[in-house]
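Here is the structure we will look at.
The values are calculated or read from the model by the stated rules, or taken from the named source; none is laboratory data. Everything numeric in this text was worked out from a predicted model, so none of it was measured. We place every Cβ from the backbone using ideal geometry, glycine too, and count neighbours over all the protein chains shown.
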Amino acid sequence: MVCCCSLAIFGLGTIAALYLLKRYIVRGSYTKPTTINDKVVIITGANAGIGKACAIDLAKRGGKIYIACRNKTRGEDALNDIRRESGSDKVYFLQLDLASLKSVREFSEKFHQLETKLDILINNAGLLLDKKSYTEDGFEMHMGVNHLGHFLLTNLLLDLLKAAAPSRIVVVSSVIYKMLKFDKDDWMCDRKFSAFRGYGFSKIANILFTTELSKKLEGTGVTVNCCHPGAVHTDIVQGWNIPFMGFLRSVLGRFIKTPVEGAQTQIRLAVDPDLELVTGKYFTDCKEEELTREGKNTENAKWLWEKSCEVVSIKNTNWQ
């Protein structure tokens with residue numbers, strides 16, 4: 001009898017602790033009824049997760065949304081879902097493979113044929129792999145997709161962003177940046193690889209990119225900010241060979257953010273009128289947060305910009 005009571009108390013205590021944990025994790029939401037009628041938006045990786053949730057929200061607000069996804073079938077399926085759930089027919093799909101610089105350039109050319117301006121660019125797509133792999137151009141996959149693909153895409157679209165000024169760039173990073181020190185001598189993990197290191201370096205790169213780009217865009221009317229969406233129940237680790245993964249996902253998924261909850265910070269950065277002049281900042285749970293010394297390392301930010309220009313073959317010119 002005592003044993004049963006103890007187990008019951010332990011079970012209730014565990015449930016209460018998990019409930020409080022979720023209350024702590026799920027903080028911050030954007031509740032203003034802001035409209036973005038006819039503003040042109042690109043969201044990468046919007047076929048699932050927080051990108052898809054963001055697309056639905058911004059479509060409801062009146063935006064003209066382009067979802068940029070690698071897989072044509074999944075992208076078109078998501079397009080139908082987003083149109084249905086948002087009630088908007090101003091949602092379009094364009095194929096984009098961030099693991100291919102050729103694909104990024106083709107996407108930019110196609111988009112320039114379709115639009116004369118771009119009001120909001122949300123660099124949302126990201127991956128987390130358990131094994132080392134490489135992009136079409138020979139880059140470590142995390143750095144290639146999470147940073148370099150977006151770096152090239154953003155630079156190729158800057159003319160359209162400037163044409164729409166005041167306009168915004170949102171970069172989705174991660175709090176994991178606080179747990180690593182960026183290694184310029186091994187930034188693509190050629191010598192030492194782990195999923196944690198590869199993903200973490202790419203997320204530091206997102207922040208350093210934001211820091212440097214905000215300086216280069218001063219006076220243009222284009223702002224750029226980055227954010228940590230929080231612990232979100234998505235398919236980012238889909239395909240990992242982990243015992244009981246399905247069970248873990250179903251249990252933990254009840255106590256972390258849903259994609260809708262995870263999308264709130266990037267939605268605020270994309271549309272909140274109060275942030276029109278805010279740039280070069282880092283947000284989490286819809287609030288600005290001070291970057292660590294690693295995140296504010298201007299020397300690393302400048303080095304990464306120059307190195308990124310070199311490897312994706314664009315000129316490091318005057319951006320004004």
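Across region 292-313, the qualifying residues are those that are modelled with pLDDT of 95 or more and in a loop (DSSP other than H, G, I, E, B), and the one among them that is nearest to Thr31 (Cα to Cα) is Asn297. Filtering Leu275, Leu213 for residues that are crowded, with 20+ Cβ neighbours inside 10 Å, modelled with pLDDT of 95 or more and not basic (Lys, Arg) leaves a single hit, Leu213. State whether the residues of region 159-174 include one that is assigned to a helix (DSSP H, G or I), of a type outside the set (Gly, Ala, Ser) and in contact with a helix residue (DSSP H, G or I) (Cβ under 6 Å, 6 or more places away or on another chain). No.
Please verify whether Gly200 is outside any loop (DSSP other than H, G, I, E, B), closer than 18 Å to Gly51 by Cβ, out of contact with any His (no Cβ under 6 Å at 6 or more places or on another chain) and not aliphatic (A, V, I, L, M), treating the condition exactly as stated. Here the answer is no, as Gly200 does not meet what is asked. Return yes or no: is Glu85 over 24 Å from Leu304 (Cα atoms), in contact (Cβ under 8 Å) with a residue 24 or more places away in the chain and surrounded by fewer than 20 Cβ atoms within 10 Å (Cβ to Cβ)? Yes. Which residue, of Asn155, Asn124, is surrounded by 24 or more Cβ atoms within 10 Å (Cβ to Cβ), within 21 Å of Glu106 (Cβ to Cβ) and either touching a residue at least 60 places away in the same chain (Cβ under 8 Å) or touching a helix residue (DSSP H, G or I) at 6+ places or on another chain (Cβ under 8 Å) (or both)? Of Asn155, Asn124, the one residue that is surrounded by 24 or more Cβ atoms within 10 Å (Cβ to Cβ), within 21 Å of Glu106 (Cβ to Cβ) and either touching a residue at least 60 places away in the same chain (Cβ under 8 Å) or touching a helix residue (DSSP H, G or I) at 6+ places or on another chain (Cβ under 8 Å) (or both) is Asn124.
In region 89-105, the condition of being surrounded by fewer than 17 Cβ atoms within 10 Å (Cβ to Cβ) and farther than 20 Å from His150 by Cβ is met by at least one residue.
Note on region 288-320: among residues that are basic (Lys, Arg) and loosely packed, with under 11 Cβ neighbours inside 10 Å, the one that is farthest from His150 (Cα to Cα) is Arg293.
I'd like to know if region 104-118 contains one or more residues that are modelled with pLDDT of 95 or more, more than 24 Å from Ala195 (Cα to Cα), aromatic (Phe, Trp, Tyr) and not in a strand (DSSP E or B). Within region 104-118, one or more residues are modelled with pLDDT of 95 or more, more than 24 Å from Ala195 (Cα to Cα), aromatic (Phe, Trp, Tyr) and not in a strand (DSSP E or B).
Kindly indicate whether Gly230 is at pLDDT below 95, crowded, with 16+ Cβ neighbours inside 10 Å and either over 18 Å from Cys286 (Cβ atoms) or among the small types (Gly, Ala, Ser) (or both). In short, yes. Within region 175-194, being more than 18 Å from Asn123 (Cα to Cα), part of a helix (DSSP H, G or I) and in contact with a helix residue (DSSP H, G or I) (Cβ under 8 Å, 6 or more places away or on another chain) holds for Met179, Lys184.
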